[in-house]
Amino acid sequence: MSVVLIGMEELGHRALETFIDLGVDLPLVVTLPDDRLEKIVAPRMFDDLCAYHDLKLFKTANVNSPVMLERIRAADPDFIYVVGWSRLVSEEVIRAGRRGAIGFHGTLLPRHRGRAPIPWAIILGLAKSGMTMFHLTPGTDNGLIIDQEPFDIGPRDTAADVYARSCDAVETLIRRMDPRLAAGDAPAREQDERLADTWAGRRPIDGLIDWHMTAERLFDWVRALTRPFPGAFTFLDSKKLFIWSAEVDSTQAESEPGLIVGVDDAGLVVGAGQGALRLTETQFEGEPSFSGSDLADQARRLIGKTFEF
């Protein structure tokens, strides 16, 4: 079986490693240009892996362009795999695979189609999510489901934890289904449209913190948007401050939302709409990040100030 892989970020790289390990014929690998990597989640270059295994690598920001379509058609793959690629692929690209195109989505479809599945899952308090492998269509995440790999989301898991599980799930699905796809006996079931909903895309600006939320909700907000995502943030003296990790502080009395009420060796304590949040790793934009006692040393002068929101 031959595969053209269209992928980017860590998800796509994991798929590439898995195909190589399985001995799948890869006549063409497609990824983003280097100058686009800084704008994506979990950027990963494919160059070294492709060079080591003598694979043809092409970089493009527009996989639907006529030039790219011709390259894919010339590769004449059985399947096109699209992994970690955040842009929709055209019907022409989908049809360039002799047996179609396969995509992955980081939820248990048909629930939660659309964008930003990892942040939304944590923000909304899901205890379970997963990865779906499905046949691509020109629509959004609505093709026939081939297989799914569920995983749990714990109450303290961060975006990085869930992203790592998503990468593991992609590998598991490829290893489990590749032989069946090659043999032509892989399952393919319709999605139940009655259960379908769609999550909206998220932009970096959507990470702005509203200190009127409860401390528990703020804790979820921070862990949902932390690395590898752009981060939850607030402003202090007109400077943007990223909050990369935090804890609910159950010892602090009620105080004004956004008010910096204390500092200790564990971090900076801030009032919330209900309760208080302890900031354990922060970073002013363009400056180094601080955590623990280093953060405390830097932050003692901030007690009594209020974050802008």
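The values are calculated or read from the model by the stated rules, or taken from the named source; none is laboratory data. As the structure is a computational prediction, the values presented were derived from the model and not from experiment. Methodologically, a virtual Cβ is constructed for each residue, glycine included, from the backbone with ideal geometry; neighbour enumeration extends over all protein chains shown.
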Task: Complete set of residues in segment 247-276 that are closer than 16 Å to residue 236 by Cα and in contact (Cβ under 8 Å) with a residue 60 or more places away in the chain - done: 271, 272
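Of all residues in segment 138-169, how many are of a type in the set (Gly, Ala, Ser) and under 22 Å from residue 93 (Cβ atoms)?
So the count comes out to 2.
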Open item on the list: Could you go through segment 145-157 and let me know if any residue there is in contact with a Leu (Cβ under 8 Å, 6 or more places away or on another chain), under 20 Å from residue 125 (Cβ atoms) and surrounded by fewer than 14 Cβ atoms within 10 Å (Cβ to Cβ).
Closed with: yes
- [ ] Can you tell me which residue among 14, 44, 36 is touching a residue at least 40 places away in the same chain (Cβ under 8 Å) and of a type in the set (D, E, K, R)?
- [x] 14
Open item on the list: Any residue that is more than 21 Å from residue 174 (Cβ to Cβ) and surrounded by fewer than 19 Cβ atoms within 10 Å (Cβ to Cβ) - is there at least one of those in segment 4-25?
Closed with: no
- [ ] Select from segment 167-225 the residues that are without any contact (Cβ under 8 Å) to a residue 60 or more places away in the chain and of a type in the set (Lys, Arg) and write down the one among them that is nearest to residue 251 (Cα to Cα).
- [x] 217
- [ ] Exactly one condition in (1) in contact (Cβ under 8 Å) with a residue 12 or more places away in the chain; (2) under 22 Å from residue 10 (Cβ atoms); (3) not charged (D, E, K, R) is not met by residue 164; state its number.
- [x] (1)
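Condition check ((1) among the basic types (Lys, Arg); (2) under 22 Å from the mean Cα position of the chain (by Cα); (3) in the same structural domain as residue 12 (by TED's automatic domain parsing); (4) outside any loop (DSSP other than H, G, I, E, B)) across all residues:
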| position | (1), (2), (3), (4) |
| --- | --- |
| 38 | no, yes, yes, yes |
| 45 | no, yes, yes, no |
| 48 | no, no, yes, yes |
| 74 | no, no, yes, yes |
Task: Unmet requirement for residue 186, which otherwise passes all of (1) under 14 Å from residue 79 (Cβ atoms); (2) in contact with a Lys or Arg (Cβ under 6 Å, 6 or more places away or on another chain); (3) buried (at least 22 other Cβ atoms within 10 Å of the Cβ) - done: (3)
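Rundown of residues vs (1) part of a loop (DSSP other than H, G, I, E, B); (2) surrounded by fewer than 21 Cβ atoms within 10 Å (Cβ to Cβ); (3) hydrophobic (A, V, I, L, M, F, W, C), yes/no style:
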site: 64; (1), (2), (3): yes, yes, no
site: 97; (1), (2), (3): yes, no, no
site: 103; (1), (2), (3): no, no, no
site: 107; (1), (2), (3): yes, no, no
site: 119; (1), (2), (3): no, no, no
site: 122; (1), (2), (3): no, no, yes
site: 133; (1), (2), (3): no, no, yes
site: 140; (1), (2), (3): yes, yes, no
Open item on the list: Among the residues that make up segment 190-209, is at least one of them on the phi > 0 side of the Ramachandran plot and under 20 Å from the mean Cα position of the chain (by Cα)?
Closed with: no
Open item on the list: Just to check your reading of the model, which residue among 235, 284, 242 is surrounded by 21 or more Cβ atoms within 10 Å (Cβ to Cβ) and closer than 22 Å to residue 304 by Cβ?
Closed with: 242
